[in-house]
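First comes the structure, then the notes that go with it.
The values are calculated or read from the model by the stated rules, or taken from the named source; none is laboratory data. What you see is a predicted model; the values in this text were computed from it and never measured. Neighbour counts run over all protein chains shown; Cβ positions are idealised from the backbone, glycine included.
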Amino acid sequence: MTELWERDAWDVADAVRRGEITSKELVESSLTRIALRNDELNAVCYLDADGARARAAEIDAMVARGEDPGAFAGVPVGVKELAQAKGFPDTHASVVYRDDIAPADCPEVEGLRNAGAVIAGLTTAPEFGIPSYTATPLHGITRNPWNLERTPGGSSGGSAASVAAGLFAACTGSDGGGSIRIPAAYSGLPGMKPTFGRIAHGGMHDPFDTGLTSVGGPMVRSVRDAARYLDVTSGPRVADPTSLPKPAPYEPIVADVDRARDLLRGRRVAWTSTLGYAETDHDVEASTRALAEALIEAAGLALVDVPMAFPKPGRAWGVLGAGNMAAWKMDRCAENLDDLDLLARISVEGMPHLRAHHIGAAVRRRQEILVASAEVFDHVDLLLTPTTPTTAYQAEGTLVGEVNGREVDLMYLSAPFTAPFNMTGQPGMSIPAGLVGGMPCGLQIVARRLEDELCLAAGAVLEAVRPWPKFAPA
């Protein structure tokens, strides 16, 4: 018999709506899993058990009255601690903000609540979401349920570990350089970064991204969960001038694999394991290339050969992202330098040294990346890459690593394939591509801006022909 915690959010939400199970049962199952696994994983950093039980009772009463609570009816959801849930700690994963309380829900959490989700707690993240691992002075080290010696990634590391271990069926994520796709690849999950602006920011507690790179999105275990999540969280906000109109529903596209296949058939696709500058571990390249070939065959795609000449994104990506730190955290952090993690402190101390020519160079580099991507997507509808060059590295984190015996810094160890498409605003999805050395790796699927449905359709086809484990083995 399948346990409740083993089922995806789509499945259990619809079961609650039909009256087959209760939200109370889902909440108790989630709380039991958290009690069983969280001490070793350190994935959930705040839990509102009483609030979750009270909300579950409200959901169950609505169903008893014949009302539909919504598409996430009764599903316990964890919120990445860089986001805001009203009344929960608003820590930014930092000791500096440990006593702050969120005054309101961010738009993403509000959308989930309105769809009947039970907002049950917060999941761990690296301080201010800076690195691609999750370890902070505030909460310690978060570990990957596939191997406790490895990281689940960052910055949505706690969310990824929670979903992969069955603590929550769904969690919020956010992605400013790969922070949904990298944890998804490291943790054996599908991870969708939507088009920039698809999920709005809003209000003083959740300001829009000044670097125009970061967007919210789902940490889930199935493609249909990702589609439903985007359906209930997408839409415009007046306080976010970059937010987009609500798109047509994605769920019908992925709910019918034949429809997903028809949407893709005949479209052009390219594969690269370098983007023109990066290197991929040989075994990861082989595994992701095999999944790319399976998608091309199953969806009837047309493989084309396109030159890849993307400029390196590293320094420009960091400079463009510095605006948020300067605008919202600089003053408090500068007064509390000793409380910061190494990378956060480097960011704060380096901020006064940024000059106009640094910013100008970053703006130019971003435009070069936009032009390079446009030249590729003049010839293709989808671009396939490894999500990350390697599988997950050590849980404690690192600033350097190796790819095929060559030393690389953290950006090119984890984010060379993801960060460029934050700078272009394009949608990207990581799909599990099997195991290398016992650890998951991922295939990244990138589409043009506003064509998120193509990523989801490709994920749905792969889920049908190459299904993956829905959670890490115990």
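Data table
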| item | result |
| --- | --- |
| Breaking point among (1) over 29 Å from Ala104 (Cβ atoms); (2) touching a Gly at 6+ places or on another chain (Cβ under 6 Å); (3) of a type in the set (A, V, I, L, M), for Ala35 | (2) |
| Qualifying strands (runs of 3 or more DSSP E) (wholly inside the stretch 397-474; at least 2 residues being aliphatic (A, V, I, L, M)) | 400-403, 428-436, 439-447 |
| Criterion (closer than 22 Å to Gly157 by Cβ, in contact (Cβ under 8 Å) with a residue 24 or more places away in the chain and not in a helix (DSSP H, G or I)) met by exactly one of Ala71, Ala83 | Ala83 |
| Helices (runs of 4 or more DSSP H) enclosed by the stretch 217-296 - at least 1 residues per element that are without any contact (Cβ under 8 Å) to a residue 40 or more places away in the chain | 251-255, 257-264 |
| Verdict on Val371 being within 23 Å of Gly321 (Cα to Cα), without any contact (Cβ under 8 Å) to a residue 12 or more places away in the chain and not charged (D, E, K, R) | yes |
| Check on Gly318, in a strand (DSSP E or B) and more than 30 Å from Arg259 (Cα to Cα) | no |
| Condition met for Val269 (of a type in the set (Val, Ile, Thr) and either closer than 20 Å to Gln426 by Cα or surrounded by 19 or more Cβ atoms within 10 Å (Cβ to Cβ) (or both)) | yes |
| Qualifying residue in the stretch 137-149 (condition: among the hydroxyl-bearing types (Ser, Thr, Tyr) and under 21 Å from Gly321 (Cα atoms)) | no |
| Checklist (1) loosely packed, with under 15 Cβ neighbours inside 10 Å; (2) under 24 Å from the mean Cα position of the chain (by Cα); (3) within 22 Å of Ala125 (Cα to Cα) applied to Trp317, failing item | (1) |
| Given (1) in contact with a helix residue (DSSP H, G or I) (Cβ under 6 Å, 6 or more places away or on another chain); (2) within 26 Å of Gly323 (Cβ to Cβ); (3) not basic (Lys, Arg), number of the condition Ser234 does not satisfy | (1) |
| Of residues in the stretch 106-139 being among the acidic types (Asp, Glu) and touching a strand residue (DSSP E or B) at 6+ places or on another chain (Cβ under 8 Å), the one nearest to Gly401 (Cα to Cα) | Glu127 |
| So Ile119, is it modelled with pLDDT of 95 or more and under 25 Å from Pro416 (Cα atoms) | no |
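To keep it simple, each residue is scored yes or no on (1) among the hydroxyl-bearing types (Ser, Thr, Tyr); (2) surrounded by fewer than 23 Cβ atoms within 10 Å (Cβ to Cβ); (3) modelled with pLDDT of 95 or more.
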residue	(1), (2), (3)
Ala9	no, no, yes
Gly19	no, yes, yes
Ser29	yes, yes, yes
Asp39	no, yes, yes
Ala54	no, yes, yes
Gly70	no, yes, yes
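To keep it simple, each residue is scored yes or no on (1) in contact with an Asp or Glu (Cβ under 9 Å, 6 or more places away or on another chain); (2) surrounded by fewer than 18 Cβ atoms within 10 Å (Cβ to Cβ); (3) of a type in the set (Ser, Thr, Tyr); (4) touching a residue at least 12 places away in the same chain (Cβ under 8 Å).
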position: Cys333; (1), (2), (3), (4): yes, no, no, yes
position: Asp338; (1), (2), (3), (4): no, yes, no, no
position: Ile346; (1), (2), (3), (4): no, yes, no, no
position: Ala362; (1), (2), (3), (4): no, no, no, yes
position: Arg366; (1), (2), (3), (4): no, no, no, yes
position: Leu384; (1), (2), (3), (4): no, no, no, yes
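Conditions tested, residue by residue: (1) in contact with a Gly (Cβ under 7 Å, 6 or more places away or on another chain); (2) over 30 Å from Ala286 (Cβ atoms); (3) modelled with pLDDT under 95; (4) not aliphatic (A, V, I, L, M).
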site: Asp331; (1), (2), (3), (4): no, yes, yes, yes
site: Val348; (1), (2), (3), (4): no, yes, yes, no
site: Arg355; (1), (2), (3), (4): no, yes, yes, yes
site: Arg365; (1), (2), (3), (4): no, yes, no, yes
site: Leu383; (1), (2), (3), (4): no, no, no, no
